[in-house]
1. Quick check, is residue 212 touching a helix residue (DSSP H, G or I) at 6+ places or on another chain (Cβ under 7 Å) and either free of Cβ contacts under 8 Å to residues at least 40 places away in the same chain or assigned to a strand (DSSP E or B) (or both)?
2. For residue 90, work out the one condition from (1) touching a Leu at 6+ places or on another chain (Cβ under 6 Å); (2) over 20 Å from residue 6 (Cα atoms); (3) of a type outside the set (Gly, Ala, Ser) it doesn't fulfil.
3. What tally of residues in the stretch 137-175 results from selecting those that are within 16 Å of the ligand (Cβ to nearest atom), touching a residue at least 60 places away in the same chain (Cβ under 8 Å) and at negative phi?
4. Name the residue, out of 30, 24, 49, that is under 26 Å from residue 412 (Cβ atoms), in contact (Cβ under 8 Å) with a residue 24 or more places away in the chain and not in a loop (DSSP other than H, G, I, E, B).
5. Restricting attention to the stretch 314-352, and to residues there that are more than 16 Å from the ligand (Cβ to nearest atom), part of a strand (DSSP E or B) and among the hydrophobic types (A, V, I, L, M, F, W, C), which single residue is farthest from residue 248 (Cα to Cα)?
6. Is there a residue being part of a helix (DSSP H, G or I), touching a residue at least 60 places away in the same chain (Cβ under 8 Å) and farther than 30 Å from residue 167 by Cβ anywhere in the stretch 479-488?
7. Being over 25 Å from residue 137 (Cα atoms), in a helix (DSSP H, G or I) and among the acidic types (Asp, Glu) is true for just one of 74, 103. Which residue is that?
8. Of all residues being within 30 Å of residue 121 (Cβ to Cβ) and at pLDDT 90 or above in the stretch 402-424, which is nearest to the ligand (Cβ to nearest atom)? Just the residue, please.
Amino acid sequence: MVARVIAVDPFDIVVFGATGDLAARKLIPALFHRDEAGQIPPEARIVGASRRKVSSGEFRDLAREWLKTHVAADERTEGAVDRFLARLSYVAVDGDGDAGWSDLATALADQPDRIRVFYLATGPDLFGPICAGIGRHGLNTPNARVVVEKPIGKSLESATAVNDAIGAVFPEERVYRIDHYLGKETVQNLMALRFANALFEPLWNNAHIDHVQITVAETLGVEGRAGYYDTAGALRDMVQNHMLQLLCLVAMEPPTSLAADAVRDEKLKVLKTLVPITPQSAQELTVRGQYRAGASAGGPVKGYLEELGQPSSRTETFVALKAEIANWRWAGVPFYLRSGKRLASRVSEIVVAFRPIPHSVFDGAAGPIDANRLVIRLQPDEGVRLWLMIKDPGPGGMRLAHVPLDMSFASVFNVRNPDAYERLLMDVVRGNQTLFMRRDEVEAAWTWIDPILDAWGASTEPPKPYTSGTWGPSAAIALIERNGRTWHEDEGA
Ligand code: BG6
């Protein structure tokens, strides 16, 4: 099956931080895929910008290497690569100075009415200065928009300052705050599952759902990003954004439409309804861990502190917590979240655990009756599994088995699963903000996260150590088992 492609209008995209890791691994490959699929019109231009002094030719050479590394060989032909690279040019620009801006203005001057995307693939300290530069040099044309990456700040206070600086140049309807988890196919499928089927919504509440688990587990360590990571930690890096966004999509009320503000209004209500975690409750409701040496992804690996070369760091590489939502639909339904690096396997999934049946008509020989579970797998093996009880086949009496009704997207659709950035970049060009975070959402998320950070900061206890290649500190298991529940393990995976 071939995915349907609708071409977007002609656009210019300026990527700040164009020689950095995000451009290399995600942005240039994503634009290539969309070009190759015929979605990008011939006039569209891609302008790299960063402090480094390279020529357009050298930038194209760099991009050719990135495509070799990050696009599978059977997904690129020489012709397609050459055609794509011809769209690229480069301007050396000093994000927080004045050098190079007039060259950038010249590069864009002939198309003042065209859709213009400024993608800031830089640290958040440059968001304000770059936006100011865009304003000062008259580049903020009516059709211009800005895309910013997380992290947006490190706390509510710093996020507010970053948002103010962006907002001084771009009105909110032209600001696109990327959370790449929202661009993942299965995350959007969560909305399809909930709102395009009559089956689930009547059960989607505390009368029928016992609890929800959201796991984002990685086998990788902090790789080359220790400098950034050590100032962030798992709570800021994964929970404040990706995981709270997933929680919102599970918990929000049905929006009236998929219009950006209709969806974002509902997500905001969830964030504002999260029960605050206090310094006292943080002890009971949160667990932070830090990986030690062990074995992961097939070989021995160092611990976080050795990788960092900083034996006193208290930065957490793992977090598990229990969140609660104070409204009629969800009161009494815990949302267990966990995320970490160097865990036993790479898996991201949302598990909706339904309540047990109220009364069994089966005798003991039938075996235990497990409650239904809906497992939405984001990666790897995107798909949805609904765990049901059925009769074990055969004449041996009534014995029951727990089996999944299994919909693996790869086998149903047989298409390449596009990377989240492909979808999100095209949404920016189309002017669709549904899958981007609004300012108030980001700030509401920090409002909930800040007290946890404060409680951890005030505690004398360091993060709990865990061996690389395990599921994190045992306290994370205790967190859920204390309530008589267990972390989901997909027997059929
Ligand atoms: C990023 C985090 O936002 O998401 C990384 O900064 C993390 O630390 C990454 O590894 C995970 O993304 P994905 O798409 O690989 O699950």
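1. Numbers: touching a helix residue (DSSP H, G or I) at 6+ places or on another chain (Cβ under 7 Å): yes; either free of Cβ contacts under 8 Å to residues at least 40 places away in the same chain or assigned to a strand (DSSP E or B) (or both): yes.
So residue 212 fits the description; yes.
2. So residue 90 meets the others, but not (1).
3. Qualifying residue count for the region: 7.
4. Step by step, each of 30, 24, 49 is checked, and only 30 is under 26 Å from residue 412 (Cβ atoms), in contact (Cβ under 8 Å) with a residue 24 or more places away in the chain and not in a loop (DSSP other than H, G, I, E, B).
5. It comes out as 320.
6. Taking every residue of the stretch 479-488 in turn, at least one turns out to be part of a helix (DSSP H, G or I), touching a residue at least 60 places away in the same chain (Cβ under 8 Å) and farther than 30 Å from residue 167 by Cβ.
7. Only one candidate passes the filter, namely 74.
8. Result: 420.
The values are calculated or read from the model by the stated rules, or taken from the named source; none is laboratory data. Just so we're clear, the structure is a prediction, and the values are computed from it rather than from any experiment. Backbone-built Cβ (ideal geometry, glycine too); neighbour counts: all protein chains shown.
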